[in-house]
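*Asks:* I have a structure I would like to understand better, so I am pasting it below and will then ask my questions one at a time.
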Amino acid sequence: MKVLIVGGGGREHAIAACVAKSPKADQIYCAPGNAGIAEYAVCVPIGAMEFDKLVAFAKEKEIDLVIVGMDDPLVAGLVDEMEAAGIRTFGPRKNAAILEGSKAFSKDLMKKYNIPTAGYENFTDPEAALAYLENASYPIVLKADGLALGKGVLICQDLEEAKEGVKTIMLDKKFGTAGNEMVIEEFMTGREVSVLSFVDGKTIKTMTSAQDHKRAGDGDTGLNTGGMGTFSPSPFYTKEVEAFCEQYIYQATVDAMAAEGREFKGVIFFGLMLTADGPKVLEYNARFGDPEAQVVLPRMKNDIIEVMEACIDGTLDQVDLQFEDNAAVCVVLASDGYPVSYEKGYEITGLEEFKKHDGYYCFHAGTNFDGDRIVTNGGRVLGVTAKGKDLKEARENAYAATEWVQFENKYMRHDIGKAIDEA
């Protein structure tokens with residue numbers, strides 16, 4: 001088979017590494033790819049939003065399977081365009097990707113189908129939002145409705161902060177058109193857990209759980225980022241939690257989308273909050289998480305192409321989805337100054353060390369070639385992932401491996417997986 005992966009980050013590198021293990025994959029392409037993905041795939045200089053060029057390329061190369069890694073092209077309808085051209089594509093169509101594309105839509109869906117989530121109101125008028133905040137209880141959460149690179153969520157401690165937040169999202173349009181509509185949501189406390197799942201429109205099979213670290217600094221300080229590290233499985237995702245989610249959240253979401261005429265095929269990422277009142281949905285994503293994919297996919301035993309084809313064909317019920325009985329931790333190596341401003345173009349050394357050790361991975365998020373050197377090309381540069389028999393061993397291994405790689409403005413958190421010690 002010829003496979004085309006759309007995207008160029010750590011998630012797509014993890015997908016490419018997984019696809020490369022499949023005996024079904026003869027030739028892999030990635031658009032636009034990065035310096036790490038180039039080990040497995042021919043990288044083609046086409047952006048993820050250049051739909052006409054992507055479709056033309058897929059037709060020209062007679063691609064058998066397209067895998068869309070990123071949220072923007074999914075929400076904008078790349079799967080529909082590929083299918084219209086007769087090309088099999090893994091990922092939700094535009095009318096289903098709205099599950100991630102609009103927070104207002106997903107909150108309304110949960111309310112309609114009694115899927116547990118935080119209380120909320122949607123606003124398109126900043127004045128109405130400000131009036132509502134006058135009588136709200138704090139802290140409170142403001143969310144830009146649309147896609148904002150995982151950064152369009154503000155937690156406000158008091159009315160003054162909340163007013164400033166409305167200005168940021170709706171008036172100053174800090175997150176662009178994502179802030180045309182805004183969700184105001186009650187603040188939930190508890191452990192956050194991410195659960196990725198494969199879906200074929202009617203059947204859902206969950207992958208192993210993970211937990212992400214969003215803030216830039218140690219001790220969960222600093223600004224929100226796309227994710228500074230993650231671990232899998234989550235020790236807080238117990239059998240009881242899983243049973244509750246299976247009954248009230250997972251299948252209920254798939255059935256709700258089908259009932260709305262928005263059949264969902266692809267990956268649903270459930271962002272859960274384990275509250276005192278039981279698990280509730282924080283958010284949905286319509287694709288693999290980044291960096292969650294970097295700890296979940298290396299632990300998957302199945303042939304990823306077989307699973308993806310079953311999702312497309314509606315035969316996921318026949319797949320026995322299996323994961324290794326171990327653990328994985330990913331520590332993101334970022335450019336100092338991320339997520340605000342940072343230098344790039346620094347040479348990265350030590351990457352070859354990963355080839356010498358089993359169970360260690362270095363997923364490229366923001367890298368590029370400069371001649372035959374690999375250089376930094378983003379805020380999040382690399383995801384250093386290691387497996388271990390348990391979470392503590394995996395964390396020790398991952399942090400040891402971060403020492404193998406050097407670049408000039410290397411920055412990382414030193415407490416990824418701190419919750420492991422609290423379990």
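The values are calculated or read from the model by the stated rules, or taken from the named source; none is laboratory data. If you're wondering where the values come from, they're calculated on a predicted model, not measured in any experiment. Methodologically, a virtual Cβ is constructed for each residue, glycine included, from the backbone with ideal geometry; neighbour enumeration extends over all protein chains shown. What goes into the accessible areas is simple: the full protein's heavy atoms, side chains included, and nothing from ligands, DNA or RNA. Shrake-Rupley method; radii C 1.70, N 1.55, O 1.52, S 1.80 Å.
*Asks:* Each label point is 7 Å from the Cα along the Cα-to-Cβ direction; what then is the distance between the points at F369 and E60, in nm?
*Replies:* 1.8 nm
*Asks:* A further question on this structure: Could you tell me whether the chain comes out rounded, prolate or oblate from its Cα gyration tensor? Rule is a ≥ b ≥ c as square roots of the eigenvalues, rounded for a/c under 1.5, then prolate if a/b exceeds b/c, otherwise oblate.
*Replies:* It comes out rounded by the Cα gyration axes.
*Asks:* Sticking with this one: Can you send over the solvent-accessible area of R215, 1.4 Å probe, protein chains only, in Å² to the nearest 10?
*Replies:* Rounded to the nearest 10, that gives 80 Å².
*Asks:* Using a ≥ b ≥ c from the Cα gyration tensor of the range 104-194 (square roots of the eigenvalues), is it rounded, prolate or oblate, where a/c under 1.5 gives rounded and otherwise the larger of a/b and b/c decides, a/b for prolate?
*Replies:* Judged from the Cα gyration tensor, the range 104-194 comes out rounded (a/c under 1.5).
*Asks:* Continuing with this model, one more query. Along the range 37-42, what does the Karplus equation 6.51 cos²θ - 1.76 cosθ + 1.60 (θ = phi - 60°) give for ³J(HN,Hα), rounded to whole Hz, x for Gly and Pro?
*Replies:* Here the 3J(HN,Hα) series is 5, 4, 5, 9, 10, 7 Hz.
*Asks:* While we're looking at this one, here's another question. Not counting ligands, DNA or RNA, and with a 1.4 Å probe, what is E39's accessible surface area in Å² rounded to the nearest 10?
*Replies:* 110 Å²
*Asks:* Given +1 on the Cβ of Lys and Arg, -1 on the Cβ of Asp and Glu, and no further charges, what dipole in debye does the range 1-152 carry about its Cα centre, rounded to the nearest 20?
*Replies:* Using only the charged Cβ atoms, the result is roughly 480 debye.
*Asks:* From the alpha carbon gyration tensor of the range 352-423, can you work out the equivalent ellipsoid semi-axes (sqrt of 5 times each eigenvalue) and give them in Å, largest to smallest?
*Replies:* With the √(5λ) rule applied to the range 352-423, the semi-axes are 25, 15, 9 Å.
*Asks:* Shape call for the range 234-333 from the C-alpha gyration tensor, a ≥ b ≥ c root eigenvalues: rounded (a/c under 1.5), prolate (a/b greater than b/c) or oblate?
*Replies:* It comes out oblate by the Cα gyration axes.
*Asks:* Under a Cβ-Cβ cut-off of 14 Å, what is the net charge of the residues other than T376 that fall near it, where Lys and Arg count +1 and Asp and Glu count -1?
*Replies:* -1
*Asks:* Which of K53/K94; K21/K265; K107/K389; K265/K392; K202/K392; K167/K265 have a Cα-Cα distance over 27 Å?
*Replies:* Beyond 27 Å: K107/K389; K265/K392; K202/K392; K167/K265.
*Asks:* On the protein heavy atoms, probe 1.4 angstrom, tell me the percent of accessible surface of the chain carried by carbon and sulfur.
*Replies:* The C+S portion of the solvent-accessible surface of the chain is 47 percent.
*Asks:* So which residue, out of L54, L133, L99, gets the largest mean-square fluctuation from a GNM of the chain using Cα contacts under 10 Å as springs?
*Replies:* Judging by the Gaussian network model, the answer is L133.
*Asks:* Suppose R0 equals 41 Å. What FRET efficiency, 1/(1 + (r/R0)^6) with r the Cβ-Cβ distance, do E352 and E164 give to the nearest 0.05?
*Replies:* The computed FRET efficiency comes out at 0.30.
*Asks:* May I ask you to rank R93, R262 by accessible area, largest first, using a 1.4 Å probe over the protein chains only?
*Replies:* Ranked from most to least accessible, the order is R93, R262.
*Asks:* Ok, one more. Using θ = phi - 60° and the Karplus relation 6.51 cos²θ - 1.76 cosθ + 1.60, list the HN-Hα couplings for the range 379-385 in order, rounded to whole Hz, with x at every Gly or Pro.
*Replies:* x, 8, 9, 9, x, 8, 10
*Asks:* Starting from the residue with the highest accessible area, list D71, D158 in decreasing order, probe 1.4 Å.
*Replies:* D158, D71
*Asks:* Now a separate question. Express the accessible area of the chain per residue in Å², computed with a 1.4 Å probe while the remaining protein chains stay in the model.
*Replies:* Accessible surface, normalised per residue, equals 40 Å².
*Asks:* Accessible surface of M1 in the full protein assembly, 1.4 angstrom probe, to the nearest 10 Å²?
*Replies:* Here the accessible area works out near 40 Å².
*Asks:* Another one. Can you pull the Kirkwood radius for the range 1-88, inverse mean 1/r over Cα pairs, to one decimal in Å?
*Replies:* Final number for the Kirkwood radius of the range 1-88 is 12.5 Å.
*Asks:* Okay, moving on. Identify all aspartates and glutamates with a Cα-Cα distance to K174 below 17 Å; exclude those on the same chain that are fewer than 8 residues away in sequence.
*Replies:* Result set, ordered by chain and number: D125, D145, E161, E164.
*Asks:* A follow-up question, please. Sequence gap at least 6, Cα distance under 8 Å: using those rules, report the relative contact order of the chain to the nearest whole percent.
*Replies:* 16 percent
*Asks:* So, one more: Restricting things to Cα coordinates, could you compute the convex hull volume per residue of the range 42-96 in Å³?
*Replies:* 75 Å³
*Asks:* Further, regarding this structure: Arrange the peptides 159-166, 124-131, 27-34 so that the one whose residues have, on average, the most other Cβ atoms within 10 Å appears first.
*Replies:* So the peptides 159-166, 124-131, 27-34, ranked by packing, come out 27-34, 159-166, 124-131.
*Asks:* Let me ask something additional. Quickly estimate the mean residue ellipticity at 222 nm for the chain, helices only: each DSSP H run with n ≥ 4 gives -39500 (n - 2.57), and the total goes over all residues, rounded to 500.
*Replies:* -7500 deg cm²/dmol
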